[in-house]
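The values are calculated or read from the model by the stated rules, or taken from the named source; none is laboratory data. As the structure is a computational prediction, the values presented were derived from the model and not from experiment. Here Cβ is always computed from backbone atoms with ideal geometry, including for glycine, and neighbour counts include all displayed protein chains.
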Ligand SMILES: Nc1nc2c(c(=O)[nH]1)N[C@H]1C(S)=C(S)[C@@H](COP(=O)(O)O)O[C@H]1N2
Ligand SMILES: [Mo]
């Protein structure tokens, strides 16, 4: 019987080749889309669009889990995961095309349609953004059909030989050879075209070089950092957080790249007149220095999502004055080029005593790309998600009743003043330190109010006031320290702050959602 004489494992072997055909077709699909994305729409990369879509739809606890597990590498982990999913899915499509044609092509078309949907529903897409995934689907499907045709021919050759019990002529090998020739060409071109397109689109986007060529104008006024503003204690956060170390939190899968020459800020909504400003217009207003500590709502008690910078910028109230705010408005919805939005109370932006700014400089250089180049907002006293929009492009004067920001329907409060807090930097939690006289030190912040007092408690002892650094202003954190005669054993070190209104830091623990964590940090320290 022909069936019985079949060489062992033939079927399994063809399934493997079919899987390879699928993976190659998937790669051709992606590479074609990347190539046409260069021409038609840079935002039309299927992988990045699907990745962005995933970021937007995954539930908050999952996001927190991803950040907790992968930290700064959460987006790379996502891309690797997506890549694996693409390989597996396209392998399955290849097998389907062999055993149940044309189901493989159907699967590829569905994937194409889904990624097109992910692309055209992203914020700020261009009208032709559907073309790259569409062309990718067409070319990928053609390659899959052609590969499968050759694979089927090869399989027919093998079956013919075994059916003839080896008595006929040896198989022609034509199907086999043609399959490998096409697979090789398609696979190699996909890799070359895909990698080259991505590289080019990243270089085209190389706003980094434009940024490097720009010179930061000198400030009209500078901030004086008082004597004694910074302690020299190993392990203590520096007074200003270097840009490379500054925490980064945003929903952008790839950093938006904006050429300041074409950048515009639109101020519209409930205004007397719609105003459009260029980067130069902002610079021409004259830039002042502002020292402001930025805090993320996702910062846990004792967490790292807080940083202090010397910003260079202009007051937001002066920018809003150019448009003239109409009465009845109570919110400014700031929009980013990546579609992100934040809702900031209008009063926080017009208050003469509050330094809410548009920033173009950070710690003596232009804003780093990841921190919002060319222009971002910084508002003292409000968590970043309701105030610190990066890659800013529009300020819509509106009302809380009429508009909603990105995080509002995702479980976070529409308004979110920073809950003032204090943190132990050294000794590190869980670390072992040698007994003797050692400093306990950290930072404390109460933006727009100021820190009055920081107290430390060891084990069940009394709360003891720590020494505070000289504050730069009310909007920046202060450093604190205390000398401690550490005795061998394990000890609990706790910290709490009091602000200049006389309020004590909230003792009760609260999670980060919906409006920021609270609680006193208590660290277990081992002394040897
Ligand atoms: N465009 C955009 N701006 C954004 C965000 C974002 O996701 N997209 N995140 C906000 C949040 S939650 C915080 S805490 C700050 C963080 O700013 P940083 O990354 O410069 O530290 O940016 C804010 N601005
Ligand atoms: Mo944040």
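Output the number of the condition that residue 246 fails; it satisfies all remaining conditions of (1) surrounded by fewer than 20 Cβ atoms within 10 Å (Cβ to Cβ); (2) away from ligand 2 (no atom under 16 Å from the Cβ).
The single condition residue 246 does not satisfy is (2).
Any residue at all in region 235-246 that is more than 24 Å from the chain's Cα centre (by Cα) and either farther than 17 Å from residue 362 by Cα or not in a loop (DSSP other than H, G, I, E, B) (or both)?
Within region 235-246, one or more residues are more than 24 Å from the chain's Cα centre (by Cα) and either farther than 17 Å from residue 362 by Cα or not in a loop (DSSP other than H, G, I, E, B) (or both).
Looking only at region 76-86, decide whether some residue is within 16 Å of the chain's Cα centre (by Cα) and at positive phi.
no
I'd like to know if region 84-105 contains one or more residues that are assigned by TED's automatic domain parsing to the domain that holds residue 182, assigned to a helix (DSSP H, G or I), within 30 Å of residue 335 (Cβ to Cβ) and modelled with pLDDT under 90. Break it down stepwise before answering.
Pass one, region 84-105, residues assigned by TED's automatic domain parsing to the domain that holds residue 182: 84-105.
Applying the additional criterion that residues be assigned to a helix (DSSP H, G or I) yields 84-99, 103-105.
When the remaining residues are screened for being within 30 Å of residue 335 (Cβ to Cβ), the result is none.
No, there is no match, as no residue in region 84-105 is assigned by TED's automatic domain parsing to the domain that holds residue 182, assigned to a helix (DSSP H, G or I), within 30 Å of residue 335 (Cβ to Cβ) and modelled with pLDDT under 90.
Would region 456-466 turn up any residue that is in a strand (DSSP E or B), under 19 Å from residue 292 (Cα atoms) and modelled with pLDDT of 95 or more? Step through it out loud before you land on a result.
Of the residues in region 456-466, the ones in a strand (DSSP E or B) are 456-458, 463-465.
Those still in the list that are under 19 Å from residue 292 (Cα atoms) too: none.
Checked against the condition, which is being in a strand (DSSP E or B), under 19 Å from residue 292 (Cα atoms) and modelled with pLDDT of 95 or more, region 456-466 yields no hits at all.
Restricting to region 377-395, and then to whatever is near ligand 1 (Cβ under 8 Å from one of its atoms) and within 11 Å of residue 337 (Cβ to Cβ), can you tell me which residue is surrounded by the most Cβ atoms within 10 Å (Cβ to Cβ)?
389
When you check residue 334 against the structure, is it touching a residue at least 60 places away in the same chain (Cβ under 8 Å) and either over 20 Å from residue 270 (Cα atoms) or not assigned by TED's automatic domain parsing to the domain that holds residue 513 (or both), yes or no? Lay out the reasoning, then the answer.
On the way: touching a residue at least 60 places away in the same chain (Cβ under 8 Å): yes; either over 20 Å from residue 270 (Cα atoms) or not assigned by TED's automatic domain parsing to the domain that holds residue 513 (or both): yes.
The answer is yes for residue 334.
So, in region 344-367, of the ones that are part of a strand (DSSP E or B) and away from ligand 1 (no atom under 12 Å from the Cβ), which residue ends up surrounded by the fewest Cβ atoms within 10 Å (Cβ to Cβ)?
Step one: list which residues in region 344-367 are part of a strand (DSSP E or B), which gives 344-345, 357-362, 365-366.
In the following step, the residues that additionally are away from ligand 1 (no atom under 12 Å from the Cβ) were identified as 345, 357-358, 360-361, 365-366.
Values: 345: 19, 357: 25, 358: 24, 360: 24, 361: 19, 365: 14, 366: 20.
So, considering only residues that are part of a strand (DSSP E or B) and away from ligand 1 (no atom under 12 Å from the Cβ), the one surrounded by the fewest Cβ atoms within 10 Å (Cβ to Cβ) is 365.
Working only within region 378-392, note down all residues that are within 13 Å of ligand 2 (Cβ to nearest atom) and under 17 Å from the mean Cα position of the chain (by Cα). Step through it out loud before you land on a result.
Here is the first cut: in region 378-392, the ones within 13 Å of ligand 2 (Cβ to nearest atom) are 378-379, 382-390.
Within region 378-392, 383, 384, 385, 386, 387, 388, 389, 390 qualify.
Taking region 478-511, which residues are surrounded by 15 or more Cβ atoms within 10 Å (Cβ to Cβ) and either closer than 26 Å to residue 435 by Cα or touching a helix residue (DSSP H, G or I) at 6+ places or on another chain (Cβ under 8 Å) (or both)?
Matches in region 478-511: 479, 480, 481, 482, 484, 486, 491, 493, 494, 495, 496.
Condition (residue is within 16 Å of ligand 1 (Cβ to nearest atom) and either in contact with a helix residue (DSSP H, G or I) (Cβ under 8 Å, 6 or more places away or on another chain) or in a loop (DSSP other than H, G, I, E, B) (or both)) applied to region 264-278: is it met by at least one residue?
Yes, there is a match, as at least one residue in region 264-278 is within 16 Å of ligand 1 (Cβ to nearest atom) and either in contact with a helix residue (DSSP H, G or I) (Cβ under 8 Å, 6 or more places away or on another chain) or in a loop (DSSP other than H, G, I, E, B) (or both).
When both residues are 6+ apart or on different chains and their Cβ atoms are under 6 Å apart, which pairs have a first residue that lies in region 209-220 and is within 13 Å of residue 373 (Cα to Cα), and a second that is outside any loop (DSSP other than H, G, I, E, B)?
Going by the 6 Å Cβ cut-off, the qualifying pairs are 211/366; 214/366; 216/361; 216/366.
Which residue is nearest to residue 338 (Cα to Cα), if the candidates are limited to region 113-135 and must be touching a residue at least 40 places away in the same chain (Cβ under 8 Å) and over 25 Å from the mean Cα position of the chain (by Cα)?
Residue satisfying both the conditions and the ranking: 128.
Please verify whether residue 444 is modelled with pLDDT of 95 or more and surrounded by fewer than 19 Cβ atoms within 10 Å (Cβ to Cβ), treating the condition exactly as stated.
Judged against the criteria, residue 444 is not a match.
Please tell me if residue 213 is under 25 Å from the mean Cα position of the chain (by Cα) and either within 19 Å of residue 253 (Cβ to Cβ) or at pLDDT 80 or above (or both).
Numbers: under 25 Å from the mean Cα position of the chain (by Cα): no; either within 19 Å of residue 253 (Cβ to Cβ) or at pLDDT 80 or above (or both): yes.
Answer is no for this residue.
Considering only region 242-250, I want to know if a residue exists there that is in contact with a helix residue (DSSP H, G or I) (Cβ under 6 Å, 6 or more places away or on another chain) and within 16 Å of ligand 1 (Cβ to nearest atom). Please lay out each step first, then the result.
Here is the first cut: in region 242-250, the residues in contact with a helix residue (DSSP H, G or I) (Cβ under 6 Å, 6 or more places away or on another chain) are 248.
Restricting the remaining residues to those that are within 16 Å of ligand 1 (Cβ to nearest atom) gives 248.
Yes, because at least one residue in region 242-250 is in contact with a helix residue (DSSP H, G or I) (Cβ under 6 Å, 6 or more places away or on another chain) and within 16 Å of ligand 1 (Cβ to nearest atom).
For residue 426, indicate whether it is on the phi < 0 side of the Ramachandran plot, assigned by TED's automatic domain parsing to the domain that holds residue 452 and away from ligand 1 (no atom under 16 Å from the Cβ). I'd like the intermediate steps shown before the answer.
Values: on the phi < 0 side of the Ramachandran plot: yes; assigned by TED's automatic domain parsing to the domain that holds residue 452: yes; away from ligand 1 (no atom under 16 Å from the Cβ): yes.
Spelling it out, residue 426 is indeed on the phi < 0 side of the Ramachandran plot, assigned by TED's automatic domain parsing to the domain that holds residue 452 and away from ligand 1 (no atom under 16 Å from the Cβ).
Just checking, does region 456-477 include any residue being touching a residue at least 40 places away in the same chain (Cβ under 8 Å) and farther than 23 Å from residue 227 by Cβ?
No, region 456-477 contains no residue that is touching a residue at least 40 places away in the same chain (Cβ under 8 Å) and farther than 23 Å from residue 227 by Cβ.
Quick check on region 396-411. Is at least one of its residues surrounded by 21 or more Cβ atoms within 10 Å (Cβ to Cβ), within 23 Å of residue 309 (Cα to Cα) and away from ligand 1 (no atom under 13 Å from the Cβ)?
no
Mind listing whichever residues of region 293-305 are near ligand 2 (Cβ under 10 Å from one of its atoms) and either outside the structural domain of residue 387 (by TED's automatic domain parsing) or touching a strand residue (DSSP E or B) at 6+ places or on another chain (Cβ under 8 Å) (or both)?
First pass over region 293-305, keeping only residues near ligand 2 (Cβ under 10 Å from one of its atoms): 294-299, 305.
Once the filter is applied, which keeps residues that are near ligand 2 (Cβ under 10 Å from one of its atoms) and either outside the structural domain of residue 387 (by TED's automatic domain parsing) or touching a strand residue (DSSP E or B) at 6+ places or on another chain (Cβ under 8 Å) (or both), region 293-305 yields 294, 295, 296, 299, 305.
Which condition from (1) modelled with pLDDT of 95 or more; (2) within 16 Å of ligand 2 (Cβ to nearest atom) is the one that residue 313 breaks?
All conditions are met except number (2).
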